[in-house]
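Everything on this sheet refers to the single structure shown next.
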Amino acid sequence: MAAPEAANNAGAQMSFIPMLTLGIPSNPVMALMIGAMIIQGIQPGPSVMTEQPALFWGVIASMWLGNLMLLVLNLPLIGIWVRMITIPYRYLYPMIVVFCAIGVFSLNNANFDVYLMALFGIVGYVFKKLDCEPAPLLLGFILGPMMEEFLRRALLLSKGDPAVMLTRPISAAMLALAAVLLTLVLLPSFSKTREQAFQDD
């Protein structure tokens, strides 16, 4: 039990490294964190350590405190956590919705925020039924504006010539690497589709 829990905590905390240093979310949770930081006017990236040292070192200190609190709470209360697992989801779900509504309403004391939360909850339910993955949506939502901004800067520096992306060694290498990785990701799905087609024949 100790080994997987230690690996889980290490993985969750190490995912902050690319987010705080490069501004790149490694999973959907980190994408939400980046969105929250951007809303607060904080741009994640290499400059966050110098421009926001209190935030950077506060996150690191919170990891130490969080692990300490987990140790203090989990050892004496492990029986309660085990019993909570046995609670049917049909009882937990209404309580989760109520707490979410209370949290959203407490931000601006506006009913519109609660209605907006309910609307996005319905949209999320539809996406789940359609087997849509939330990670690409979050990554696109967070990285899309950043990509547009830096693409605009590059085109301004090159006086509108998009060929600069292929003539510069660093950008050409990064684009080639992205193409190779995309091919490696899509190749198994193509192979599986081809095997199914041959089996049907």
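The values are calculated or read from the model by the stated rules, or taken from the named source; none is laboratory data. Just so it is clear, the structure is predicted and the values come from calculations on it, not from any experiment. So basically every Cβ, Gly included, is an ideal-geometry build from the backbone, and we count neighbours across all protein chains shown.
A single entry from ASN67, ASN74 fulfils the requirement of being polar (S, T, N, Q), farther than 24 Å from ALA31 by Cβ, in a helix (DSSP H, G or I) and at pLDDT below 85: ASN74.
For ILE24, the stated conditions hold: it is β-branched (Val, Ile, Thr), in contact with a Pro (Cβ under 9 Å, 6 or more places away or on another chain) and either surrounded by 11 or more Cβ atoms within 10 Å (Cβ to Cβ) or assigned to a helix (DSSP H, G or I) (or both). Restricting attention to the stretch 84-103, which residues are free of Cβ contacts under 8 Å to residues at least 12 places away in the same chain and closer than 18 Å to VAL29 by Cβ? Within the stretch 84-103, ILE96, GLY103 qualify. Annotation note: Cβ proximity below 6 Å between a residue of the stretch 104-116 that is of a type in the set (D, E, K, R) and a residue that is modelled with pLDDT of 85 or more (sequence gap 6+ or interchain) occurs for ASP113/VAL104. With respect to the stated conditions, MET165 is surrounded by 11 or more Cβ atoms within 10 Å (Cβ to Cβ) and in contact with a helix residue (DSSP H, G or I) (Cβ under 7 Å, 6 or more places away or on another chain).
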